[in-house]
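Chemist: Take a look at this one; I'll ask things after.
Computed from the coordinates by the stated procedures, all read-outs in this text should not be read as laboratory data. Quantities reported herein were computed from a predicted structural model and do not represent experimental measurements. Backbone-built Cβ (ideal geometry, glycine too); neighbour counts: all protein chains shown.
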Amino acid sequence: MSLLHLKGRVLVKSGGFSTQLAKHVGDKIDGDPLWGSRFDKENPEAVIQTHLDFLEVGADIIVTNTYQSSVEGFTKHLNLTKEESIDLMRESVKLAMQAKNKYIERLKDCNRHKEPGLPLIMGSIGPYGAMLHDGSEYNGSYTEQLTKQDIQQWHRTRIEAVLSGGVDGLAVETIPCQMEAEAVTEMLLKDYPDVKFWVSFQCKDELHLAHGENFANAAKSVWELVRKANAVDRLYGIGVNCVNPKFVSTLFQSLHKLLNHEQIPQLIVYSNRGEIYDATKGEWTGHDKCVPLASYVPEWVQLQAKIIGGCCRVYPEDILAIRKCIDNIGNNN
C-alpha cells in the first residue's frame with residue numbers, strides 16, 4: 001500500500017502479540033529471555049493462529065514475532081548457529097505471511113474482501129535492550145556505553161534478515177532513547193533506500209522517553225532526518241507504543257505544540273491496556289482501574305493518529321472495539 005493511499009485514513013494495528021500467544025502455547029511468556037520469539041521455532045502453528053486472531057477482528061496491520069529476536073539470543077537460548085538464527089527470523093516473516101494468506105482465503109470463502117494492499121505485514125525491530133533481558137529496554141541505559149555505530153551494527157543483521165523475508169515495512173518500536181531512534185533512522189535512510197518504516201518510542205510519562213529525553217524533541221529529530229533525506233514518502237509515521245494510554249494525548253499534544261500543524265508527521269500509537277507490571281510478583285496489576293482502550297481512540301484520531309492498535313495486555317476483543325470505534329468515526333470512508 002502506498003503512503004499516499006494511506007493519507008487521511010486510520011489503520012488498525014494488531015494488539016499485544018505475546019499476550020495473545022500465551023493463550024495458545026500455555027506457557028508463561030513474561031520473563032522468558034526470548035519472550036514470544038522462541039515459539040517461531042517451538043510452536044509455529046500457535047504463531048500463525050495468533051496473527052489470525054487479530055486479522056479476524058479487523059486488524060489492517062500485523063507485526064512479525066521478531067521483537068525479541070537476535071542472533072545472540074537464539075544462539076544462547078535455543079542453541080542455534082548464527083545462520084540458523086537468521087533463518088529463524090526469516091521464518092517468522094513467513095509465518096505472518098501464512099496467516100495473511102489463510103485470512104484472505106477465508107474472506108474469499110465468505111464472499112468478503114480486504115482493500116487491496118491490506119493487511120500489511122510489518123517487521124518488528126525492537127530495541128537493543130530487549131536482547132539484554134535486563135529491563136534496560138525500559139530505561140535505555142545501555143546507550144550510555146554504546147556508540148551509534150554499535151547500535152547500527154547490531155540492528156543491521158536482524159533488519160536484513162527480516163527484510164529478506166519480504167515484509168511491507170519495518171516497525172522500529174519500543175525505542176527508549178533518542179540516540180537509538182536516530183541511529184536506526186539514519187541507517188535506514190542511507191543504506192535501505194526502498195524500505196518503508198515507522199519509529200515508535202517507549203515513554204515513561206506524559207513528556208519523556210524511558211531514557212529521559214523529551215518526546216517531542218526526539219520525535220522532531222527523527223522527523224527532521226526523514227525530511228532532510230526527502231524520504232517522507234517512506235515514513236508510515238512516528239509515535240509511541242508500550243506506554244500507558246493515559247500518557248498518549250499529552251505526548252502528542254507536546255509534539256503539536258513544538259511543530260506547526262502543517263509539519264506534523266503521521267502519528268502512531270499502540271499503547272498497553274494500562275495495567276502496571278509488578279516485576280517482584282511477576283504479574284500485572286491494576287486491571288480494575290483500566291478503562292476500555294477504545295475510549296481513547298476519538299481523541300487520538302483528532303490528534304492525527306493514523307495507525308492505532310495495542311501492545312501489552314491488549315487482546316483481540318480490544319482490537320475489535322478499536323476497529324468499531326474507528327469505523328464509526330468515519331475516517332475510513
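Chemist: Quick one: what Rg and Dmax do you get for segment 105-164 from the alpha carbons, in Å?
Modeler: Spelled out, the Cα radius of gyration and Dmax of segment 105-164 are 18.3, 55 Å.
Chemist: Under 17 Å Cα to Cα from residue 289, which aspartates and glutamates show up? Leave out anything in the same chain fewer than 8 places away.
Modeler: Candidates past the 8-residue exclusion: 275, 278, 318.
Chemist: Moving to a separate point now. Could you please report the charge total around residue 323, scoring K, R as +1 and D, E as -1 over all other residues with beta-carbon less than 11 angstrom from its beta-carbon?
Modeler: On the way: positive: 13, 324; negative: 56, 60, 317, 318, 327.
Computed value for this residue: -3.
Chemist: Additional query: Rg and Dmax of segment 1-159, using alpha carbons, in Å: what are they?
Modeler: Just the Cα atoms of segment 1-159 yield Rg and Dmax of 16.8, 55 Å.
Chemist: Could I ask something else about it? Considering amide H positions built from the backbone, and no H for Pro or chain starts, which residues 5 or more places from residue 208, or on another chain, come under 5 Å of its amide H?
Modeler: Under 5 Å from the amide H of residue 208 lie the amide H atoms of 215, each far enough along the sequence or on another chain.
Chemist: Could you pull out the longest piece of the chain with no exposed loop trypsin sites (Lys or Arg not before Pro) in it, calling a site exposed if DSSP puts it outside H, G, I, E, B and it has at most 13 other Cβ atoms within 10 Å? Numbers along the way, then the final one.
Modeler: Working: sites that count: 7, 28, 112, 281.
With trypsin sites (Lys or Arg not before Pro) excluded where exposed in loops, the chain gives 113-280 as its longest stretch.
Chemist: Please get the size of the charge dipole for segment 7-331, origin at its Cα centre, with Cβ charges of +1 on Lys and Arg and -1 on Asp and Glu, quoted in debye to the nearest 20.
Modeler: Working: 36 positive and 43 negative charges, 166 e Å.
Dipole about the Cα centre, nearest 20: 800 debye.
Chemist: Beyond 33 Å, what share of the Cα-Cα pairs of segment 7-331 is found? Please give it as a whole percent. Don't jump to the answer; show the numbers that get you there.
Modeler: Details: 9458 of 52650 pairs.
Counting every Cα pair in segment 7-331, those more than 33 Å apart make up 18 percent.
Chemist: Name the residues whose placed amide hydrogens come within less than 5 Å of the amide hydrogen of residue 15, ignoring near sequence neighbours (fewer than 5 apart) on the same chain.
Modeler: Distant-sequence amide H within range of residue 15: 310.
Chemist: So, one more: Report, in deg cm²/dmol and to the nearest 500, the calculated mean residue ellipticity at 222 nm for the chain, where each DSSP H run with n ≥ 4 adds -39500 (n - 2.57) and the sum is divided by the residue count.
Modeler: Theoretical 222 nm ellipticity from helices: -13500 deg cm²/dmol.
Chemist: Let me know the shape class of segment 92-227, please: from the alpha-carbon gyration tensor, a ≥ b ≥ c as square roots of the eigenvalues, rounded when a/c is under 1.5, otherwise prolate if a/b is greater than b/c, or oblate. Present the calculation step by step, with values, prior to reporting the outcome.
Modeler: On the way: a/c = 2.05, a/b = 1.92, b/c = 1.06.
Prolate shape, in that a/c is at least 1.5 and a/b is the bigger ratio.
Chemist: Taking the chain as a Gaussian network, Cα atoms linked when under 10 Å apart, which of 209, 34, 107 shows the biggest mean-square fluctuation?
Modeler: Top of the fluctuation ranking is 107.
Chemist: Kindly identify segment 151-215 as rounded, prolate or oblate by the Cα gyration tensor criterion: order the square roots of the eigenvalues as a ≥ b ≥ c, call it rounded if a/c is under 1.5, otherwise compare a/b with b/c, prolate if a/b is larger, else oblate. Present the calculation step by step, with values, prior to reporting the outcome.
Modeler: Working: a/c = 2.41, a/b = 2.05, b/c = 1.18.
Judged from the Cα gyration tensor, segment 151-215 comes out prolate (a/c at least 1.5, a/b above b/c).
Chemist: Lys and Arg at +1, Asp and Glu at -1: add these up for the other residues within a Cβ distance under 13 Å of residue 288 and post the number.
Modeler: +1
Chemist: Pick from 276, 62, 238: which is most flexible by mean-square fluctuation in a GNM of the chain where alpha carbon atoms under 10 Å apart are linked?
Modeler: 276
Chemist: Counting only residues 5 or more places away or on other chains, whose amide H sits under 5 Å from the amide H of residue 68 once H atoms are built in the peptide plane?
Modeler: 37
Chemist: Enumerate the whole-percent occupancy of each 5 Å bin, from 0 to the last occupied one, for all C-alpha pair distances of segment 171-256.
Modeler: Answer for segment 171-256: a P(r) of 3, 16, 29, 25, 15, 9, 3, 0 percent.
Chemist: Something else about it: If the limit is 27 Å between Cα atoms, which of 82/228; 13/220; 28/204 go over it? Could you put the intermediate results ahead of the total?
Modeler: Details: 82/228 36 Å; 13/220 23 Å; 28/204 25 Å.
Distance filter (> 27 Å) returns 82/228.
Chemist: With only alpha-carbon atoms counted, please give the Rg and Dmax of segment 146-301, in Å.
Modeler: 16.2, 48
Chemist: Can you list which of the DSSP-assigned H helices in the chain have a Cα extent of 24 Å or more along the long axis and an average Kyte-Doolittle score of at least 1.6?
Modeler: Numbers: long enough: 82-109 (41 Å, -0.98); 148-165 (26 Å, -0.98).
Membrane-span-like by this rule: not one helix.
Chemist: Now for a separate question. If we count other beta carbons within 10 Å of each Cβ, what is the order of 191, 288, 205, fewest first?
Modeler: Numbers: 191 12, 288 6, 205 15.
Ranked by crowding around the Cβ, least crowded first: 288, 191, 205.
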